[in-house]
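Participant: Structure incoming, see below.
The numbers here are math on the coordinates, done by the rules we state, and not lab data. Remember, predicted model here, so these are calculated numbers, not experimental data. Cβ atoms come from the backbone with ideal geometry, glycine included; neighbour counts cover every protein chain shown.
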Amino acid sequence: MTPAEAITHLRAGTLTPEICDQIAELLAAPVTVQEAARDQVAFAMWKHEAVRAAPNVGKNRTPDLFAEQSTEVRGRWLGLADAALRALIGGDA
C-alpha cells in the first residue's frame with residue numbers, strides 16, 4: 001500500500017482490519033516512507049480545514065505550499081497526522 005492509497009481509505013472511511021494492517025506495515029517501513037505518509041496526511045488535513053473554512057483559500061493549497069509553512073504551522077498539522085496514524089494502528093495517541 002502506498003501513502004496515497006492509505007489517505008484514500010482514510011478519506012473514504014473504508015478502513016478494514018486488513019487495510020489497517022497494511023497501514024501498520026507502511027508505518028513500520030523505513031523512515032522515508034513513514035515521513036512521506038505523515039506529510040501526506042498532514043497536508044490533506046491542512047487543505048481540508050482550509051476548504052471547509054474558506055473554499056477560495058483551500059483550493060490554492062498545494063503540497064509545496066505546505067512544505068513552505070512555518071515550523072509552528074507544520075508542527076501543528078504533523079502532530080495531528082501522527083495522532084491519526086497512531087489511532088489507525090491501535091497505538092497510544
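Participant: Quickly estimate the mean residue ellipticity at 222 nm for the chain, helices only: each DSSP H run with n ≥ 4 gives -39500 (n - 2.57), and the total goes over all residues, rounded to 500.
Facilitator: -24500 deg cm²/dmol
Participant: Under 8 Å for C-alpha pairs, at least 6 residues apart: give me the relative contact order for region 3-89, rounded to a whole percent.
Facilitator: So the answer I get is 33 percent.
Participant: Also: Tell me, in nm to one decimal, what length is gained between GLU18 and ILE89 on full extension, where the rule is 0.36 nm per residue of separation less the Cα-Cα distance?
Facilitator: Computed gain between GLU18 and ILE89 is 24.5 nm.
Participant: Using a Gaussian network model of the chain whose springs link C-alpha atoms within less than 10 Å, name the residue from ALA54, ALA44, ALA29 with the highest mean-square fluctuation.
Facilitator: The residue with the greatest mean-square fluctuation here is ALA54.
Participant: For the chain, set up a GNM with springs between Cα atoms under 10 Å and report which of ARG61, ARG52, ARG74 has the largest fluctuation.
Facilitator: Highest fluctuation of the listed residues: ARG52.
Participant: What FRET efficiency comes out for THR8 versus GLU49 if R0 is 22 angstrom and r is the Cβ-Cβ distance? Round to the nearest 0.05.
Facilitator: It comes to 0.75.
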